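Please treat every number below as a calculation from the coordinates, not as lab data. Computed from a predicted model, the values in this text were never measured in an experiment. Here the Cβ is made from the backbone with ideal geometry for all residues, glycine too, and neighbour counts use every protein chain on show.
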Amino acid sequence: MAAKTVLIVDYGMGNIGSVCNALDLLGGRYLVSNRKEDLASADGIILPGVGAFGAAMANLNNLGLVEPLTERVVAQGTPFLGICLGMQLIAQDSVENGFDRGMGWIDGHVLAMEPPDGLRVPHVGWNGVRARGASPLFSRLDDDAHFYFDHSFHLQCDDQWVAASCDYGTTYVAAVQRANILAVQFHPEKSQRNGLKLLRNFLNVVQSPLGSCDAPLC
């Protein structure tokens with residue numbers, strides 16, 4: 001089977017260089033673009049993200065990408081991976097720096113982290129992640145595998161969409177899945193061996209798509 005191509009969405013808010021470097025190490029085929037024409041022909045989509053929710057949504061809207069992204073991912077079932085801010089953008093809304101609407105692919109809200117025990121925010125550094133169910137992202141990864149986090153806000157959503165969680169004074173959502181829609185709060189491109197394994201798992205999903213987003217966590 002010929003290798004398929006992943007589009008990395010370039011909307012001015014991403015860790016694109018690090019994601020490209022990781023895919024290069026894996027031998028993955030990818031294209032960095034914000035053109036609707038490229039989006040329409042992509043076999044898989046990665047939406048990285050670093051920065052503020054409102055600015056990211058403004059960039060996506062200004063580039064005219066929200067509607068075509070929703071068509072490709074939600075309507076057509078194209079495999080999707082959101083990374084860090086890219087996970088938060090698929091929620092309904094965020095209270096970061098006010099209130100902003102997200103893309104609304106997951107029935108959830110982005111809220112400020114308020115960990116107990118005097119833990120610092122932002123949450124920066126390595127943290128164990130516990131996978132739930134049989135999410136393909138965590139295939140062949142050890143239980144409580146560690147990944148690199150850097151965030152001050154978190155996604156709160158219905159438990160049926162939670163693919164993994166982490167503890168930072170309390171339990172936070174670390175990954176979500178709604179069939180072909182996969183997303184992680186941490187940075188796999190900065191998470192060394194475990195991160196490369198997870199990205200390899202996503203490339204495998206692109207090779208063998210999971211189906212439409214009407215299904216719950218598989």
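Just one of the listed residues (Val129, Val176) is among the aliphatic types (A, V, I, L, M), within 14 Å of the chain's Cα centre (by Cα) and crowded, with 17+ Cβ neighbours inside 10 Å, namely Val176.
To keep it simple, each residue is scored yes or no on (1) small (Gly, Ala, Ser); (2) surrounded by 15 or more Cβ atoms within 10 Å (Cβ to Cβ); (3) free of Cβ contacts under 8 Å to residues at least 40 places away in the same chain; (4) over 22 Å from Ser94 (Cβ atoms).
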position: Asp10; (1), (2), (3), (4): no, yes, yes, no
position: Ala22; (1), (2), (3), (4): yes, yes, no, yes
position: Leu25; (1), (2), (3), (4): no, no, no, yes
position: Gly28; (1), (2), (3), (4): yes, yes, no, yes
position: Leu63; (1), (2), (3), (4): no, yes, no, no
position: Val74; (1), (2), (3), (4): no, yes, no, no
position: Phe80; (1), (2), (3), (4): no, yes, no, no
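Look at (1) outside any strand (DSSP E or B); (2) in contact with a Ser or Thr (Cβ under 9 Å, 6 or more places away or on another chain); (3) under 23 Å from Ser94 (Cβ atoms) and you find that Lys197 fails only one, number (3). Quick one: would you say Val129 is assigned to a strand (DSSP E or B) and in contact with a Leu (Cβ under 6 Å, 6 or more places away or on another chain)? So Val129 fails the test.
Taking the range 16-51 as the range and being touching an Asp or Glu at 6+ places or on another chain (Cβ under 9 Å), over 22 Å from Asn180 (Cα atoms) and part of a loop (DSSP other than H, G, I, E, B) as the test, only Val50 passes. The number of residues in the range 82-118 being buried (at least 18 other Cβ atoms within 10 Å of the Cβ) and of a type in the set (A, V, I, L, M) comes to 9.
Screening the range 75-115 for residues that are of a type outside the set (Gly, Ala, Ser) and on the phi > 0 side of the Ramachandran plot and picking the one that is nearest to the chain's Cα centre (by Cα) gives Cys84.
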